[in-house]
Amino acid sequence: MSWIQKPKYPVKEQLPKIEHHEQIPSGAVELARMIEPNEDDIMVLVRQGDYLSILQADKEPRKLRNGKLIYSCSQNDFPLGVLPWFSKALTEFQKPPAEGGLHAGAMTSPDEEVEGEMLCIERAMNAGPGIGGYAVVNWSRKSRLVRLEGHFRPQEVTFADNLLYDSGMLDLVKDLGEKYRRGEL
C-alpha cells in the first residue's frame with residue numbers, strides 16, 4: 001500500500017485564493033466575520049459566486065523570534081449549500097444510537113452530496129486547547145497545503161465547541177442557511 005492518498009471522488013478546481021481577509025476580491029461578498037476564541041484569529045465567511053470560502057486569518061501579523069512579521073490566511077471552500085446542510089448534519093451526527101444516530105463512538109458521518117460536492121462531519125478531539133469540536137470535510141476539494149503531486153488531502157475547517165455554541169457560530173450558520181434557502185444571499 002502506498003502512502004500517497006488518492007481522492008475518493010472527482011476533485012473540483014480550486015476557487016480563487018484570497019490572500020488577505022481585508023482584501024476580498026471584486027465580485028466576492030463578505031457574509032460574516034467573528035473572532036475565534038481559542039486562537040484569537042479572525043474567521044471570515046465569504047461568498048464567491050455559488051461557493052462559500054471560510055477564511056481563518058491572523059488579526060495582525062505575528063512577530064517571529066528573528067523579528068520578522070508573518071501573516072497567515074487559510075481558505076477552505078464549500079458549496080453555499082453547506083450553510084443549510086451543516087446544522088442539520090450536525091444534529092444527525094449528535095443523535096444517540098437509540099434515536100437513529102450513528103453507532104456509539106462514531107467519529108465521522110457518512111459522506112453526503114451537497115450541490116455536487118461530497119461533505120461529511122467529523123468529531124475533532126483537539127479543536128482548541130483541550131477543547132473538542134467538529135470538522136466539516138470537503139472530499140471534493142484538495143487542501144491548498146498539499147503540494148506533493150498526486151497526493152490528496154481534503155479541505156476541511158474545524159469549529160471548536162466554544163466557537164460553535166458560546167461564540168454563536170452555529171447560530172450564525174443557521175441564520176445564513178435560512179437566508180440561502182430563501183434566496184436572500
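Since every read-out is calculated from the coordinates, none of them should be taken as a lab result. Quick caveat: nothing in here was measured; it's all calculated off a predicted structure. Here the Cβ positions follow ideal geometry from the backbone for every residue, glycine too, while neighbour counts run over all protein chains shown.
In this model, which of 88/179; 6/142; 8/142; 95/174; 17/179 are farther than 20 Å apart at the alpha-carbon? Those over the limit are 17/179. Loop-located trypsin sites (Lys or Arg not before Pro) in the range 150-185 (DSSP state not H, G, I, E or B) with no more than 16 neighbouring Cβ atoms inside 10 Å: 182.
Using Cα pairs under 8 angstrom and six or more residues apart, how large is the relative contact order of the chain, in percent? Present the calculation step by step, with values, prior to reporting the outcome.
On the way: 326 pairs, mean separation 37.1, N = 185.
Reported relative contact order: 20 percent.
Projecting the alpha carbon convex hull of the range 1-108 along each direction and taking the average yields 11.2 nm². Over the range 12-60, the hull volume per residue, using the convex hull of the C-alpha atoms, is 80 Å³. Only alpha carbons enter this Debye calculation for the range 75-118, each as an equal point scatterer, and the log10 of I(q)/I(0) it gives at q = 0.14, 0.15, 0.22, 0.23 Å⁻¹ is -0.38, -0.43, -0.79, -0.84. Sorting the segments 32-38, 46-52 by their residues' average number of neighbouring beta-carbon atoms within 10 angstrom, most packed first, yields 46-52, 32-38.
When every Cα-Cα distance of the chain is counted in 10 angstrom steps from zero, the calculated P(r) takes the values 9, 33, 38, 16, 3, 0 percent. With one equal scatterer per alpha carbon and no solvent term, the Debye-computed log10 I(q)/I(0) for the range 70-171 at 0.13, 0.17, 0.19 1/Å reads -0.51, -0.86, -1.06. As a ratio to 2.2 N^0.38 Å, the alpha-carbon radius of gyration computed for the range 119-185 takes the value 1.34.
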